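The values are calculated or read from the model by the stated rules, or taken from the named source; none is laboratory data. In this text, all values refer to a predicted model and were calculated from it rather than measured experimentally. With ideal geometry, Cβ positions are generated from the backbone for all residues, glycine too; neighbour counts draw on all protein chains shown. The accessibility values were calculated without ligands, DNA or RNA, using every heavy atom of the protein model including side chains. Shrake-Rupley method; radii C 1.70, N 1.55, O 1.52, S 1.80 Å.
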Amino acid sequence: MPVSAWSRARLSRVILSLLIVIFLSAGAAVCRAASIRGVVTDPSGAKITGANVVLLSNGKVVAAGVSTADGSFQISTGTTGRFFLVVSAKSFRQVDTPGFYAGALDYVERNVVLEPEWVRESIVVTATGTATPQAQTSAATNVLGPLDLALRDNLASGLRLMPGTFVVQSGQMGAVTSLFVRGGDSTSNKVLVDGVDAGDLGGRFDFSPLSTTAVEKAEVYRGPDSNLYGADAASGVVSLTTPRGTTSFPSLLFHGDVGNLYTSREEMEVAGAHNKLDYLGAFSWLETSNDLPFDEYHVATSAANVGWQPSANTQIRATLHYGVDATGVPNAWDFYHVADSATEKDQDLFLSGSVNNQTTGDFHQSVRYGMTRKREQYHLWSETGTGTFDAYGDSFGYPVTITGANGFSVSGQALLDFAGSYPEENQIVSNRDQISYQGDYRFTPHVIATAGFHYEDERGAAPGSSYLLPVERRNYDYLATVHGDFKDRFFYTLGGSLERYSLFGTQTSPRAGLSYSLLRPRTGIFSGTRVLFNFGDAVREPALTDQFYSLYNFLETNGGQSTIQQLGISPLAAPSTRTYEGGLEQAFFSERLIFRSSFFHNEFGRQIEYVGLDLIPELLPNLTPAQQNQLEQFLQANGAYEQSLNTEAYRGLGVETTVEGGIGRNIFLRGGYTYLDAVVQRSFANDDVDLLGPVPTYGGVANGIPIGVDSPLQGARPFRRAPHTGFVTATYATRKLTGLLSAAFASRSDDSDFLAYDDINGGNSLLLPNRNLDYGYAKLDLGGSYQLLTWLGVYAQAENLTNDQHIAPIGYPSLPLTVRIGLKIEWGPGSGK
């Protein structure tokens with residue numbers, strides 16, 4: 001039947017409508033495709049053309065692209081889920097970006113920095129507050145990555161492999177471990193766990209209970225950075241990061257090893273990711289007898305990391321680290337040859353909750369809540385000794401000869417424990433809740449501004465035999481920083497902070513960093529030259545014990561106002577730091593070798609010194625001898641053996657150098673050397689005993705050498721800062737075999753044996769000169785792993801191959817050669833790859 005004109009017209013309209021619907025549907029499908037865009041650059045910020053960009057989901061390629069002339073790329077995909085970007089280019093190492101979730105309508109920006117094939121450079125955060133390639137910062141920042149931490153059970157050995165750092169462990173495994181950065185005090189470092197301040201109130205941090213379980217990397221920033229991190233970041237910042245789950249279904253990892261000295265370690269980890277969720281949980285247990293009586297040690301660590309992305313540009317994350325440890329505290333064995341019956345226990349909880357939002361392509365903001373709960377208990381269970389007592393019932397060790405690295409020796413019996421009621425107990429409590437906000441805005445591709453606010457509520461308690469003295473501090477920090485560059489050649493960081501601390505008032509902390517590429521990265525023998533400069537101020541909070549046992553408070557409470565006026569003693573203030581730094585970075589042989597050298601000059605002012613209780617008669621002449629003795633005994637019974645005041649100043653200047661490079665694709669070498677010239681410029685107490693006398697009258701021993709008993713003399717070096725330190729590392733890594741060799745070196749350093757009035761006659765015959773009292777050492781470690789099957793591997797780690805007994809300070813024998821051998825079992829997609 002013939003079709004009428006009206007029918008033909010109607011059919012044409014229907015076909016046209018169908019075509020329009022199909023076209024619009026196709027357009028909608030394209031619009032609903034997730035878009036991933038970004039820019040590929042090298043560490044200096046130069047754009048990389050022709051980089052291959054591959055988008056993976058569930059182990060399969062879902063899209064691919066190539067960076068254009070300006071380094072940009074764009075990939076679209078119609079699928080929803082979790083993705084990874086794999087980016088590669090000639091002469092650069094292939095990079096896998098962290099996984100992310102993207103919905104069908106999401107726009108995702110992922111800028112990628114490719115590292116040179118032969119060297120290792122990292123993206124760091126501590127230098128600027130935002131993720132920045134090392135080559136674009138002037139700050140001295142190094143990173144301990146997964147390979148550096150793989151076979152370590154603690155961070156102490158790894159931290160020795162950094163320029164400008166000096167690690168002091170006062171004993172064997174589990175003993176108090178402190179970090180000194182560029183001559184600064186061990187209490188002047190800010191330690192962060194996923195952005196949460198993990199230190200005690202006042203900056204003190206003991207690294208010994210901190211396991212490497214669930215620690216993906218550690219950034220070590222050398223220099224003051226109160227500008228970004230508030231008080232306590234006076235000498236350096238150590239920032240630890242927890243890994244995230246990435247596999248599409250749960251992956252299980254088990255490590256188990258045994259070693260000499262009855263050492264064993266087990267670690268279990270489960271991790272994965274599904275749709276918008278990623279998760280990781282880990283637990284480890286380590287125990288050892290160590291090599292001394294009453295020195296057993298164990299530590300249990302639990303960790304978790306859970307993230308949820310409601311959209312590609314918003315992420316909610318919570319992390320947790322909880323550690324429980326107990327260790328014997330045998331005291332300085334070489335001084336007594338008998339061990340104290342003492343223990344120390346720690347319970348440390350660090351919790352972080354954060355929301356990160358990429359509000360626009362240029363504006364990123366984050367809010368974080370951090371919680372820190374720390375408990376440290378010390379028990380001396382009984383009076384220990386050899387059966388030798390004085391008239392007061394104090395017990396003594398065996399007759400010993402103590403020889404310092406400086407060649408001086410003394411002989412006798414040293415006071416071990418005071419007569420008293422046992423067990424004795426001390427406890428330190430540090431609680432902190434903190435809230436922080438940070439916003440970053442990119443005004444242009446070359447200028448980023450950061451502004452933020454930190455608030456923390458700190459509560460703590462000081463040691464006491466029968467009570468705890470409580471304290472509460474509320475602190476505020478306001479910060480602003482600008483980071484940018486001119487033509488990818490001149491990089492700068494300018495910023496400052498306003499800090500309001502309840503203990504010491506308001507402070508400002510400016511900071512500036514500049515670097516300039518004299519010679520841009522290129523091929524050839526001389527393949528890049530960069531110069532840098534840094535300046536900064538910082539402060540730290542006094543510790544809880546410093547606050548409670550302030551000499552000013554002590555005198556004011558006990559009628560010593562005249563002494564306060566006579567000596568000009570002031571309330572406790574914030575110790576301060578100022579630094580100047582200039583340096584050079586030179587690349588050789590098409591960036592296969594990188595040489596870095598920096599000169600630094602640090603000034604440490606208002607540092608805290610300690611005055612012994614034996615000065616009470618001179619400080620409080622208004623009290624009767626009986627009252628003075630009663631007050632001294634009361635303070636001593638409650639842990640107040642000394643009183644604190646801000647009277648010390650010293651400077652630390654020196655040079656750091658590092659060299660690193662690769663041989664082929666599998667071998668990486670790194671080495672460094674630091675020279676430190678640290679000198680005490682002012683010491684009100686001087687020898688820490690004769691506070692009132694203008695000339696030291698106490699402590700002269702062999703050849704009339706004056707001695708600083710509890711703190712160094714004016715003109716001497718600060719204690720436990722070695723003038724010469726260095727390290728060398730070599731790693732070999734293939735798909736199945738990994739090997740790691742490392743060596744850390746240190747010269748002799750100044751110290752005290754702290755045996756004032758401690759000989760059998762109550763005298764000072766056991767004191768040794770401070771100069772070069774601690775021995776130098778060389779600590780060699782060797783480890784490796786081999787993948788037998790896709791799911792089974794073996795590993796071994798040997799530490800202190802030279803069996804050096806003088807790595808710890810004088811009096812404390814170091815842990816001898818230790819060897820651990822273990823198995824690694826993996827279950828999950830791509831196990832062993």
Rg(Cα)/(2.2 N^0.38 Å) for the range 99-193, N = residue count | 1.41
Based on the alpha-carbon gyration tensor of the range 65-121 and its eigenvalue square roots a ≥ b ≥ c, which shape applies: rounded if a/c is under 1.5, prolate if not and a/b is larger than b/c, or oblate?
-> prolate
Taking the Cα centre of each part, how many Å lie between the range 273-339 and the range 355-389?
-> 11
Placing +1 at every Lys and Arg Cβ and -1 at every Asp and Glu Cβ, with all other atoms neutral, what dipole size does the chain have around its Cα centre, in debye to the nearest 20?
-> 5500
Solvent-accessible area, 1.4 Å probe, carbon plus sulfur percent, for the range 727-833 | 64
With a 1.4 Å probe and every protein chain left in place, work out the accessible area per residue of the chain in Å², rounded to a whole number.
-> 41
Ellipsoid semi-axes in whole angstrom, largest first, where each is sqrt(5λ) of the Cα gyration tensor of the range 349-504 | 53, 24, 13
What's the angle, to the nearest 10 degrees (0 to 90), between helix 625-637's Cα axis and the longest principal axis of the chain?
-> 30
Compute the relative contact order of the chain as a whole-number percentage, counting only Cα pairs closer than 8 Å that sit 6 or more residues apart in sequence.
-> 10
How much accessible area does His364 have with a 1.4 Å probe, in Å² rounded to the nearest 10?
-> 50
Which value at 222 nm does the chain reach when only helices count, each DSSP H run of 4 or more adding -39,500 (n - 2.57), with the total divided by all residues and rounded to the nearest 500 deg cm²/dmol?
-> -2500 deg cm²/dmol
Just how large is the dipole of the range 132-232 about the Cα centre, in debye to the nearest 20, putting +1 at every Lys and Arg Cβ and -1 at every Asp and Glu Cβ?
-> 280
In square nanometres, what is the average projected area of the Cα convex hull of the range 29-108?
-> 5.2
Using a 1.4 angstrom probe on heavy atoms only, work out the carbon and sulfur share of the accessible area of the range 166-228 in %.
-> 48
Along the dipole axis of the range 129-215 (charges at Cβ: +1 for Lys and Arg, -1 for Asp and Glu; origin at the Cα centre), the most positive-end residue among Asn189, Pro163, Ala175 is Pro163
Rank these by accessible area, largest first, 1.4 Å probe: His274, His446.
-> His274, His446
Provide the percentage of antiparallel DSSP beta bridges, counting only those with both residues in the chain; round to the nearest 5.
-> 95
From the cross-link list Lys276/Lys345; Lys90/Lys190; Lys60/Lys190; Lys47/Lys217; Lys190/Lys779; Lys60/Lys824, the entries with a Cα-Cα span beyond 32 Å are Lys276/Lys345; Lys90/Lys190; Lys60/Lys190
Rounded to the nearest 10 degrees, the helix 5-31 long axis (Cα) sits at an angle to the longest Cα principal axis of the chain of 20
In the range 585-666 the accessible area split gives carbon plus sulfur, as whole percent at 1.4 Å, a share of 57
Where a ≥ b ≥ c are the square roots of the eigenvalues of the C-alpha gyration tensor, would you call the range 221-340 rounded, which needs a/c under 1.5, or, failing that, prolate if a/b is larger than b/c, or oblate?
-> oblate
Can you find, among Asn260, Asn275, Ala303, the residue farthest towards the positive end of the dipole of the range 183-308? Put +1 on the C-beta of Lys and Arg, -1 on that of Asp and Glu.
-> Asn275
Normalised Cα Rg of the range 533-669, dividing by 2.2 N^0.38 Å with N its residue count, works out at 1.69
